[in-house]
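What follows is a structure written as structure tokens; I'll ask about it next.
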Amino acid sequence: MTTSDPTKLKMTKEIGLPSIAFCVARVPNSGRLIFGSSDFKLHEIDVLAEKPQPVAFNGEGHQSYVTGVVLCTPNIAVSGSYDGKLIWWDIEKREPIRTVSAHELWIRRLAVSPDGKTIASVADDMQCKLWNAETGELLRQFSDHKPITPHDFPSMLFAVTFSPDGKFVATGDKIGHVAIWETNSGTKVATVDAPTLYTWDPRQRRHSIGGIRSLAFSPDSKLLAVGGTGQIGNIDHLEASARTEIFDWQAGQRVKEIVNEKFKGLVEHHVFDPAGQWLVSSGGDNGGFVAFHNVETGKTLHQDKAPMHVHQFALNEAYDTLFAVGHHKIAVFEFKPETPKPAEATPAPAAS
Amino acid sequence: MTPGSFFCGSADHGVSRRGFLSAAALGTAGTFAADMTQLDVWRHSAWAEDVKKKDKRVILLWLAGGASQFETWDPKPGRPTGGPFRAIQTASSGVQISELMPKMAARMQTTAIVRSLNTKNGDHGGGSSLMETGRRKDPGIEYPDLGALCAKELGRIDSAVPDYVSLYSSTEGRRKGTSGFLGARYAPMFLSENMVPENVRRLETISDIDHQDRAALRDLLAKRFAQNRTSDVIGSHSNAYQRVRGLMASEKLFDITQETEAMRAKYGPTQFGQQCLIARRLVEAGVPFVKVARAWWDSHGQNFETHRELCADLDHSMSALLDDLKERGLLEHTLVLTFGEFGRTPQINPSLGRDHFAAAWSASLSGCGMHGGACYGKTEPDGHTVAEGEASAGDLFATILAALGIDPLKEYTLGARPIPLSDFGSKPIKEVLA
């Protein structure tokens with residue numbers, strides 16, 4: 001059980017960055033964040049330091065935006081990039097250990113299994129690939145995602161996640177299609193669709209926007225949250241409400257539809273709390289937000305704006321602190337229950 | 001209509017370019033007296049040159065909304081403004097373009113790039129007007145756009161096909177184009193809702209013979225009326241009627257089912273690809289200017305995803321078009337252009353978009369009159385400003401006209417006022433001309 005209180009959400013720190021941070025992983029039990037960014041580099045920053053300063057990793061790195069990073073062990077990070085490569089890094093030395101040409105097109109996201117032994121990567125070649133986190137060996141690959149949209153344009157495979165028990169992997173694409181796979185066999189076990197997250201404009205602008213940007217399983221692995229944005233009128237902008245749909249994926253049924261009435265743009269990332277009571281989502285348009293929703297009712301418990309469009313976040317072990325990375329900023333949010341004030345001393349009775 | 005000068009539109013009856021041109025020359029000579037706009041040519045004894053000039057065609061692929069130069073012709077990989085995409089080597093030594101355009105990279109020998117446009121107007125309306133006419137608006141004059149200029153300079157008065165066809169299917173930013181002071185004769189045949197022109201079919205209640213008889217009667221009466229009268233208006237009115245049957249018959253040119261399945265497949269399934277195929281059919285039949293608008297590139301949000309979609313469409317369709325024109329011997333006589341109202345900002349906004357930007361952007365010019373593989377101008381490393389070879393909209397227009405064999409300094413006279421074809425002070429960019 002966590003002791004967090006989403007209604008107490010407040011931003012406690014905001015750190016400027018020269019680049020756009022797309023992905024983040026946190027070194028356990030610390031304020032040390034490893035983040036990938038638009039300068040093609042992986043960086044480390046200790047956000048709990050008095051004056052946090054990002055430090056770039058060394059050596060031959062990526063050749064494009066770094067869009068995914070996971071920690072397999074407290075000292076090994078793996079990053080993925082639009083250059084199609086996965087790079088294993090020694091965090092303490094901040095140097096590369098291994099580089100693997102993983103995908104033919106842009107890697108959009110990485111996920112790591114709960115035991116840290118398997119890494120999943122998804123890319124615009126529409127493949128999901130599972131990798132041995134220790135050796136870098138390709139274990140298997142699968143896809144249920146068409147490379148071309150129904151409107152004859154290239155599709156994109158944006159999102160991937162493992163279930164908390166590690167048995168399943170879910171992948172989500174541009175047109176709102178989700179496939180769920182058995183991790184050990186690569187067998188497809190279910191599909192669900194969230195077509196509202198994909199907007200095709202056939203008349204005014206004749207292209208599309210949106211797609212599934214975030215996937216998260218509930219703690220019992222029965223529910224799958226699918227995040228993105230709703231149907232957009234003017235697809236020049238991310239002007240629709242941020243949107244999450246929750247599926248009972250084994251039954252193939254959508255059980256909740258969470259339309260953010262306050263914030264627009266994409267849900268870039270979301271996570272269930274360990275008790276499965278709330279779901280935190282974050283993302284944005286030109287601004288950003290952090291929102292907590294009651295899983296059972298779908299209602300918003302509490303939400304607030306973020307100082308930037310958030311691309312990803314990490315939570316601490318107590319699930320009461322959120323480390324968000326995004327557009328030229330890192331922000332730290334806390335949602336801890338208020339510590340009861342010490343009981344005030346009973347005033348002495350006035351002298352009569 | 002001169003026999004043999006009209007391509008019926010079917011693949012089986014395609015007229016060769018040379019056949020078309022000789023027929024065109026004969027047809028032009030036969031009816032020249034009626035062409036009030038061509039009298040200057042006679043006076044200057046430049047008949048041979050004029051015929052040569054009329055060999056030229058233009059297809060403008062109008063990138064409506066403003067395509068990003070970073071994701072097309074002027075990539076800046078590794079720079080803070082560069083975005084995620086790589087630059088790839090093209091078939092022209094030392095010239096790299098975005099990896100989103102791999103097919104065009106392989107065809108760069110046909111294409112010149114101008115990377116140094118500074119057009120100073122980042123507003124959709126103003127920028128469009130500027131890039132349509134090659135000059136800023138003048139309250140006293142309505143200037144013709146490039147299509148109308150080319151229709152006048154390259155078209156034939158007796159043409160059985162339209163002189164200026166504009167296809168703009170999407171609704172956003174839709175602009176019809178204008179013939180300005182050149183008058184309605186050079187206005188575009190504008191297709192917005194369908195890819196086949198509307199209202200050009202003969203009414204079913206009138207037989208073809210009846211239609212021809214009516215035209216002959218009208219012609220007889222018009223000639224009697226015109227006797228001993230000298231008026232441009234009468235000539236123009238009469239000429240418009242002479243063109244009717246040709247325009248009616250041009251419907252088939254827009255019907256791509258007349259092409260083989262293999263040819264349609266080359267252009268791909270998108271509407272833009274299909275419109276590029278129509279453009280090829282039109283220029284092959286002698287239409288001097290075709291504009292195909294591909295909307296909408298205005299990527300304030302999700303610039304990279306937008307360009308991944310739209311560049312794939314542009315790259316494939318444009319490559320198919322250039323290949324097809326080349327295989328038919330038409331590319332050396334057809335200038336294929338890509339530009340819109342402006343480019344996009346170096347800065348990447350929080351929605352991962354790029355905004356309007358006119359201070360340093362790019363255009364491409366392929367085929368006719370161009371030094372393929374040339375790359376003119378340079379932007380500074382982050383693309384904020386032009387570093388070398390700044391070019392205006394007028395310079396681009398002067399270059400286009402020069403490539404077509406039209407003197408950019410040639411003047412129209414509007415009242416007593418001389419109006420040069422390209423803006424005052426503009427110059428062709430010689431480095432990209434063949």
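The values are calculated or read from the model by the stated rules, or taken from the named source; none is laboratory data. Fair warning: this is a prediction, and the values are worked out from it, not measured in the lab. With ideal geometry, Cβ positions are generated from the backbone for all residues, glycine too; neighbour counts draw on all protein chains shown.
Residue-wise test of (1) in contact with a Ser or Thr (Cβ under 6 Å, 6 or more places away or on another chain); (2) at pLDDT 90 or above.
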{"site": "B:143", "(1), (2)": "yes, yes"}
{"site": "B:151", "(1), (2)": "no, yes"}
{"site": "B:156", "(1), (2)": "yes, no"}
{"site": "B:167", "(1), (2)": "no, yes"}
{"site": "B:170", "(1), (2)": "no, yes"}
{"site": "B:186", "(1), (2)": "yes, yes"}
{"site": "B:191", "(1), (2)": "no, yes"}
{"site": "B:201", "(1), (2)": "no, no"}
{"site": "B:206", "(1), (2)": "no, no"}
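Considering each of A:254, A:243, A:203, A:213 in turn, give the residue that is at pLDDT below 95 and charged (D, E, K, R).
Residue meeting the stated conditions: A:203.
Can you tell me which residue among B:294, B:308 is charged (D, E, K, R), outside any helix (DSSP H, G or I) and within 13 Å of another protein chain (Cβ to nearest Cβ)?
Sole residue among the options that is charged (D, E, K, R), outside any helix (DSSP H, G or I) and within 13 Å of another protein chain (Cβ to nearest Cβ): B:294.
Further question on the same structure: Is segment B:345-354 home to any residue that is surrounded by 19 or more Cβ atoms within 10 Å (Cβ to Cβ) and polar (S, T, N, Q)?
Yes.
Let me ask something additional. Mind listing whichever residues of segment B:171-222 are of a type in the set (A, V, I, L, M) and touching a helix residue (DSSP H, G or I) at 6+ places or on another chain (Cβ under 9 Å)?
B:182, B:184, B:187, B:189, B:191, B:195, B:196, B:200, B:203, B:206, B:215, B:222
Within the bounds of segment B:244-260, is there any residue that is within 14 Å of chain A (Cβ to nearest Cβ) and modelled with pLDDT of 95 or more?
No, that holds for no residue.
Looking only at segment A:176-203, how many residues end up being within 12 Å of another protein chain (Cβ to nearest Cβ) and touching a strand residue (DSSP E or B) at 6+ places or on another chain (Cβ under 8 Å)?
4
Hey, among the residues in segment A:56-106 that are more than 28 Å from residue B:81 (Cβ to Cβ) and over 22 Å from the mean Cα position of the chain (by Cα), which one's nearest to the other protein chains (Cβ to nearest Cβ)?
A:100
Name every residue in segment B:152-182 that is more than 14 Å from every other protein chain (Cβ to nearest Cβ) and among the hydroxyl-bearing types (Ser, Thr, Tyr), in order of residue number.
B:159, B:164, B:166, B:178, B:179
Of all residues in segment A:277-317, how many are more than 14 Å from chain B (Cβ to nearest Cβ) and not hydroxyl-bearing (Ser, Thr, Tyr)?
Residues meeting the conditions: 22.
Go through segment A:18-55 residue by residue and tally those that are of a type in the set (Phe, Trp, Tyr) and within 14 Å of chain B (Cβ to nearest Cβ).
Count: 2.
Here's a follow-up. Please verify whether segment B:50-65 includes one or more residues that are under 24 Å from residue B:172 (Cα atoms) and assigned to a loop (DSSP other than H, G, I, E, B).
The answer is yes, given that some residue of segment B:50-65 is under 24 Å from residue B:172 (Cα atoms) and assigned to a loop (DSSP other than H, G, I, E, B).
When residues of segment B:359-418 are filtered for being in contact with a helix residue (DSSP H, G or I) (Cβ under 6 Å, 6 or more places away or on another chain) and over 22 Å from residue B:323 (Cα atoms), how many remain?
Counting residues in segment B:359-418 that are in contact with a helix residue (DSSP H, G or I) (Cβ under 6 Å, 6 or more places away or on another chain) and over 22 Å from residue B:323 (Cα atoms) gives 6.
Of the residues that sit in segment A:242-276 and are buried (at least 17 other Cβ atoms within 10 Å of the Cβ) and polar (S, T, N, Q), which one is nearest to the other protein chains (Cβ to nearest Cβ)?
Within segment A:242-276, the match that is nearest to the other protein chains (Cβ to nearest Cβ) is A:260.
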